[in-house]
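**Student:** Quick one: the structure is below, questions incoming.
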Amino acid sequence: GHVQRPSLGVQVADDQILRSISEDLGMRQLEGVLVMRVAEASPAAQAGMRGTTRDRSGNLSLGDIIVSVQGLPTRQVEDLLSAVEDRHVGEVVDVVVLRSADRSTQPERVSLRCQLVERQRSRL
């Protein structure tokens, strides 16, 4: 039989990367899972989730940091995997992210609703 694994449609950074970025930016330790890329037409894209980008000068603009799924804290990638894999394809989940407009402002908490789809290769 074919097992359908649920997905938000994002690629995320290794836990160590977020720690190192928050140190580099002089920010307090950020807890959560940093979104690197959002797949086109994915549930995350449809909900407005943002990936990490670089501007023309090479400055890093952090993507959303996923801090919970369905009320379960996602402090590291393993937490996100567990939270998503405990759900079903087609289910709508509440995802809370930290979003920062720029380095000088405190990140704001944004609640998104995503309908899970079947996982493709390396995406969560």
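**Student:** Could you run the Karplus curve 6.51 cos²θ - 1.76 cosθ + 1.60 with θ = phi - 60° over segment 83-94 and give me ³J(HN,Hα) per residue in whole Hz, x for Gly and Pro?
**Tutor:** After applying 6.51 cos²θ - 1.76 cosθ + 1.60, I find 4, 6, 5, 7, 9, 10, 4, x, 6, 9, 10, 8 Hz.
**Student:** Using packing as a proxy for protection, rank 15-24, 80-89 so that the peptide with the highest average count of other Cβ atoms within 10 Å comes first.
**Tutor:** Details: 15-24: 14.2, 80-89: 16.6.
Answer by packing, highest mean first, reads 80-89, 15-24.
**Student:** On the protein heavy atoms, probe 1.4 angstrom, tell me the percent of accessible surface of the chain carried by carbon and sulfur. Numbers along the way, then the final one.
**Tutor:** On the way: 3150 of 7400 Å².
The nonpolar share, carbon plus sulfur, comes to 43 percent.
**Student:** Now a separate question. GNM, the chain, Cα, under 10 Å: largest mean-square fluctuation among 54, 113, 75?
**Tutor:** 54
**Student:** Given a 1.4 Å probe, how much area per residue of the chain is accessible, in Å²? Intermediate results must be reported in sequence, preceding the final value.
**Tutor:** On the way: 7400 Å² over 124 residues.
Roughly 60 Å² per residue, with all protein chains present.
**Student:** Once the Cα atoms of helix 15-24 and of the chain are each reduced to a long axis, what angle between those two axes, in degrees from 0 to 90 to the nearest 10, is obtained?
**Tutor:** So the inclination is approximately 20 degrees.
**Student:** Taking K and R as +1 and D and E as -1, what net charge do the other residues with C-beta under 13 Å from the C-beta of residue 64 add up to? All intermediate terms of the calculation are to be shown ahead of the outcome.
**Tutor:** Working: positive: 37, 50, 99, 109; negative: 108.
Its environment carries a net charge of +3.
**Student:** Let me ask another. Can you give the charge dipole size of segment 60-99 about its Cα centre, rounded to the nearest 20 debye, using +1 on the beta carbon of Lys and Arg and -1 on the beta carbon of Asp and Glu? Could the numbers behind the result be given before it?
**Tutor:** Working: 3 positive and 7 negative charges, 36 e Å.
The dipole of segment 60-99 has a size of about 180 debye.
The values are calculated or read from the model by the stated rules, or taken from the named source; none is laboratory data. In this text, all values refer to a predicted model and were calculated from it rather than measured experimentally. Glycine also receives a Cβ, built like all others from the backbone with ideal geometry; neighbour counts cover every protein chain displayed. These area figures cover heavy atoms from the full protein model, side chains too; ligands, DNA and RNA do not enter into them. Shrake-Rupley method; radii C 1.70, N 1.55, O 1.52, S 1.80 Å.
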